[in-house]
1. Among the listed residues C:Arg74, C:Arg78, which satisfies the condition of being touching an Asp or Glu at 6+ places or on another chain (Cβ under 9 Å) and of a type in the set (D, E, K, R)?
2. When you scan segment B:267-276, do you find a residue that is surrounded by fewer than 21 Cβ atoms within 10 Å (Cβ to Cβ), assigned to a helix (DSSP H, G or I) and small (Gly, Ala, Ser), even just one?
3. Within segment C:171-206, count every residue that is surrounded by 14 or more Cβ atoms within 10 Å (Cβ to Cβ) and among the polar types (S, T, N, Q).
4. Taking the condition assigned by TED's automatic domain parsing to the domain that holds D:Gly280 and not β-branched (Val, Ile, Thr), does D:Asn405 pass?
5. If we scan segment A:244-259, do we find a residue that is more than 14 Å from chain B (Cβ to nearest Cβ), without any contact (Cβ under 8 Å) to a residue 60 or more places away in the chain and over 24 Å from A:Leu113 (Cβ atoms)?
6. Which residues, taken from segment B:277-290, are facing another protein chain (nearest Cβ under 9 Å) and not in a helix (DSSP H, G or I)?
7. When you scan segment B:128-245 for helices (runs of 4 or more DSSP H) that lie fully inside it, which ones turn up with 1 or more residues that are within 12 Å of chain D (Cβ to nearest Cβ)?
8. Residues that are assigned to a helix (DSSP H, G or I), within 14 Å of chain D (Cβ to nearest Cβ) and closer than 30 Å to D:Ile118 by Cα: does segment A:209-217 have at least one?
Amino acid sequence: MKRDRMLFLLGAALAAVIAGGPLLPQWALFILTIAFAQGLVALGLMLLLRAGLVSFGQALYYCIGAYTAGGLGRAFGVSDVFLQMIAGAAMAALVAFVLGFLLAKYRGIFFGLLSLALSMILYGLIVKSEALGSTDGLNVARSTLFGVRPAADWVRYAVAVAAAFAGLGAATLVHLFLKTPLGRLAPAIKDNEIRVEYMGASVRYAIHVQYVIAATLAGVGGALAATTVGHIDPEMAYWTTSGEFIFIAILAGTGSVLAPFLGALLFGAIHGLAYDLSPHTWQMSLGTALLLVIVFLPEGLWSLFVRRRTA
Amino acid sequence: MDQIGPVVVDGIIYSAWLFIAAVGLTLIYGVMKIVNVTHGSFYALGAYAGASAAGAWLARGYPPMLSYAVLLLAAVLVTLVFAPLIERGLLRFMYAKDEVVILLITYALFLILEDTIKLIWGVDPYFVAQPYALLGSFEIGGLRYPTYNLILVGLALVSGGGLAWILRGTRVGKLLLTVIHDPEMSRAMGVNVGRFYLVTFTFGSMLAAIAGSFTAPTVSVVPGLGVDVIVLSFAVVVIGGLGSVPGAALGAVIVGLARSVSVHYMPQVELFVIYSVMAVVLAFRPRGLFSLVEPRRI
Amino acid sequence: MSTILAARGVNKNFGAITAAADINAAIELDSVVGLIGANGAGKTTFINMITGYIKPDSGGIHYEGRDITALAPREITRLGILRSFQIPQLYGSLSVHENMLTALGIMLHNAGRGGFFSLSRARQNVPGHDAPAEEVAERILERFGLMEYRNRNTQVLPGGVRKLLDIALTLAARPRVLLLDEPTSGISAEEKFGIMEMVMKAMKAEGVTVIFVEHDMEVVSRFAGRVLAFYDGRIIADGRPDAVLGDPDVRRYVVGEPHGQDERAPRA
Amino acid sequence: MRELKKLAIGGLIALAPLGAMAQAPVKIGVVMFLSGPAASPFGVPAKNAADFVFDELNAGKGPAPYGKVGFGGSKIETVVIDEAGSTTTQVTEFRNLVQRQNVDLVIGYISSGNCLAIAPVAEELKKFTNLFDCGTPRIFEDASYKYVFRTSPTATMDSVGAALYVKEAKRGIKSIAGLNQNYAWGQDSWNDFEASMKQLVPGIEVKTSQMPKLFAGQYNAEISALLGSGADVVHSSFWDGDLEALILQGSPRGLFDKSLGVLTTGETAMHKLAAQIPDGTVLGARGPFGPYAPDNAYNRWFSKGYEARFKAPPNYASYQMAQAILGTKAAWEKAMAANGGKRPTNEEVGAALERLSFEGPGGVVRMANGKGHQAIMETAYGTTKLVGDKLTVINVQRYPAETVNPPDGVTSTDWIKSGFKK
């Protein structure tokens, strides 16, 4: 059964992080954690992509999650990674629920550009508010887990494991959601909205729900990034950030809930290499890599795995 | 003191600039259904080409009045080098792909072009201040404005009117409209759709380059110049209705005036006035102001 | 016989074009009604107004005595009024079988139940059917002779099969009223009757009231128990097929018309 | 939990070898903008300065007391990283520098946002890091660090200095107006300048504070608003692209004829736009750099050598980089002297730099603030005068470090509000 294999894969991945983590150097653990954070956002984008929607403003919820986590630390001294992620998710979900009523009406490029406008408005608001440090942003208190403050040398590992739980846990839930009638509606909506409506289902409702789920995932990712990077700034809501997430989502493809995380890892790797190998022309390297992926892996990273399996 | 005069003039000047910068984007989308991120790159290319060419022209002591022609020529030439290369070399193989995927492709191209520009012109800024001051200035509401700004307004009117005339008045324009309406059918009817795409892409990009080269005398041409133009033009074009030239004009005027009003009366909101306008317009007119009505699908 | 569906004084204009002028019609339970008329006479508009895609300028649609004029298409669908389309509305990226499962899945979704596709867990019956999704799907496909296409992608199917599937999908919702918009358009003359046979048989068995738009008068007289003739947005004749088809106005305005693609009718 | 601990200890063992220092030469991570708008005014001049100074030091050609080859005899290698990109990117790259490239020290960061983000990470990784350019005073006011230093003064100095100069240059000044970029740098600069002016000239009127979007490029509307306001002084902390656009669009419209223009970072543009900057504009260089640099041995060595090699005079970013390198070298060699000639650890270098006072091309630098981690210097302002085709500064005023910097432990805002209490 496909389902069982996927759940097994997810479990294996979690085990791998827990067991293999200690063997990784800290910089690798950091990159891994960031990959989980970005992968969570991409996972949400994947949900929307299945319904034929692309959000150029997912950074909105990434940023909301991050500032919620950061604010929690500054206001109430909460630095627990899980609490921060839960708060970030809740806040993002709340905002998405409200905005969803508006956005669920939109399709195609207009859905994308309206979400972009919304995230740019948040960017403007934060830049404006000097209490939030404007573009300089704020530092986030060092992460703790269940009240324990890990020693400097293994805080990376602890956070990475927390990220793995959050990321792969979310992936599992999404995987199960895709099995529900609602989850199954997405491709039908992408294919033929009219038929869906004329079978008696509400397309708008379905999109609204998936939009909120996507935002929640982005919120978790943002909170995770905040506590990992240790710093938050409005750049997190800027359109270029959304662009990176879309890149990751396309890179990953919609083939599997595991793909977004691999996509994020690969993106991090490409990005890092570009910086190391050509500090003066990293944009060119990055752009070229992007092109090659789109041209040669149109179905996304996951198609590699699928092909290998069938071949 | 009365600010109305300046508010309007500032608004119009900014609108004109916005329109030239944005109209190419709406044209390309209207015809090819491509949201073209490289638009910003062409703006930058135009700025660099214009600045360096006009700079060299003036440095050699050639007649300064002709520097405007040089600006124009530089923009045209640089586009003729890059646009066909991109369209023929890459984009035309991608038209089958999803709108968003093509957008990502142009985003990748944009990144590549950013560094290409850096490799050609380096990171040091380029200036051609002379053309800006050359034409003297006029006064409104006791404030002095360089006459050069009127050139921008003129350019906007010419390019807007020109486009409208080509699309409505000429045979090519009519053919183009059929291509827009149904590329497959037109192809079947023996229209060379490929050439139309090439011309449209080149022409649209050229407008961006011209906007860049004529902005060059008023700014210092530095790396990253094109980035903000992208999102700004998107905002304008979306407000007006993607693919509609009059829409782009209306969008530019709205945004331009909104910005100048906010600058004069409440500077603190300037930062997000544009996106707020965009969000509000989309909230009430989901497909922009001059949107073509959605076709019935049953 | 009791009225199940009624249009009362319905008017609709698109700019200058009159799509519906004071339409009054009461459809009896279990009847089979054929709609004829020249292109743009208002047949599809009539169907679109019943299924809520278009709202009348005035007048109302009543279903089992209830005014459904204001309802959204999906709400009307949930009441048991289903429709097919001139251009089949299918899930292009899915196979015939998956199309059917998706349709049945929406039934489960509407009923707030889960688990279709993941067959191992989808043991519960589809609402309105006495079997789980997989089984129902097989049955319906069987009944429309679609099994041989079961795993074909719908985009590569021949036109007739697409039409059939488009109609078959409606059965997933256990319709009480079914509106067929030109079920045989674009289908060769020899296929037509076979397809209509199959559809009508299925609907009879399900006890579905059928309203169908048709250009082919032979098909109409063969399958319809009653015919409404449309001209310029009005019903110019209403009665038994032979009577209506014998009517001079109808002969002049309707039958005389050549068949073929309807130009003014909107497209998908 | 215990499970977790065990694994973590395993992790420590696995990581142990990474902790080991690479052998000589001294490997230094150098971070500054190589792309984007900040590359040309700051990044590249700073990079050039680094190239020049490192080459000179490796050749043992530095002026005394910097004559020793490289750092304490061991040659210097550099790993250059572009500062462009999100703070996430920058933190990632910093971790790569430290843990993958195993650099011994890091010198870099122009953006205040990046500095704020990097400081805690440097602390976590126990890596000596010298923030060479960024301006925000928040770094050492919001927190205190062991491994993080800044050998350049804060932006507070620029605004206070500007205010003091304006008060003298424009007697009987009644009103001010501002044009600053809408992000932290612009906001802070304007707030400090406004607060200082209010202290120095009680009852001064603020006509308008324009805050356009960063890199907006088109400033006609803002300039109209400023012209319309008729303020005596127009303050702007614009830099490079925006600054040059402002000058190009403002001068023809007589912006700086009507009001006294104060460009706190104007020095980066003074050579490029010599012809466009009108005479009588107040020009800042973020410290005693460029035209305000003292005529000492280090400055002669640096500015002459730099100009000879890069065909352009160094700007303040170049000076700050040179100063950061020399300060670090001084600390490194002082630490070596203290530990008997052994290669110093990051802790030893840090301890040596704390409260150190050294001299560079910008004159005397004293690590007096932020518990000895934040430099203070004198600063200078002057007004422009075009001589031939070269832009020069006249009526230069110098302000001693204590006059333009808060005492240690006092935040800039409190200090200004207190009326610059000593």
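The values are calculated or read from the model by the stated rules, or taken from the named source; none is laboratory data. From a predicted model like this one, the values you see are computed outputs, not experimental measurements. Glycine also receives a Cβ, built like all others from the backbone with ideal geometry; neighbour counts cover every protein chain displayed.
1. Details: C:Arg78 fails: touching an Asp or Glu at 6+ places or on another chain (Cβ under 9 Å).
Sole residue among the options that is touching an Asp or Glu at 6+ places or on another chain (Cβ under 9 Å) and of a type in the set (D, E, K, R): C:Arg74.
2. yes
3. The number of residues fulfilling the criteria is 2.
4. Numbers: assigned by TED's automatic domain parsing to the domain that holds D:Gly280: yes; not β-branched (Val, Ile, Thr): yes.
Considered against the rule, which asks whether it is assigned by TED's automatic domain parsing to the domain that holds D:Gly280 and not β-branched (Val, Ile, Thr), D:Asn405 comes out as yes.
5. Step one: filter segment A:244-259 for residues more than 14 Å from chain B (Cβ to nearest Cβ), giving A:255-259.
Those still in the list that are without any contact (Cβ under 8 Å) to a residue 60 or more places away in the chain too: A:255.
Still in the list and also over 24 Å from A:Leu113 (Cβ atoms): A:255.
Yes, segment A:244-259 contains at least one residue that is more than 14 Å from chain B (Cβ to nearest Cβ), without any contact (Cβ under 8 Å) to a residue 60 or more places away in the chain and over 24 Å from A:Leu113 (Cβ atoms).
6. Residues satisfying the conditions are B:Pro286, B:Arg287, B:Gly288.
7. Output list reads B:130-134, B:148-169, B:193-215, B:225-240.
8. Of the residues in segment A:209-217, the ones assigned to a helix (DSSP H, G or I) are A:209-217.
Keeping just the survivors that are within 14 Å of chain D (Cβ to nearest Cβ) gives none.
Taking every residue of segment A:209-217 in turn, none turns out to be assigned to a helix (DSSP H, G or I), within 14 Å of chain D (Cβ to nearest Cβ) and closer than 30 Å to D:Ile118 by Cα.
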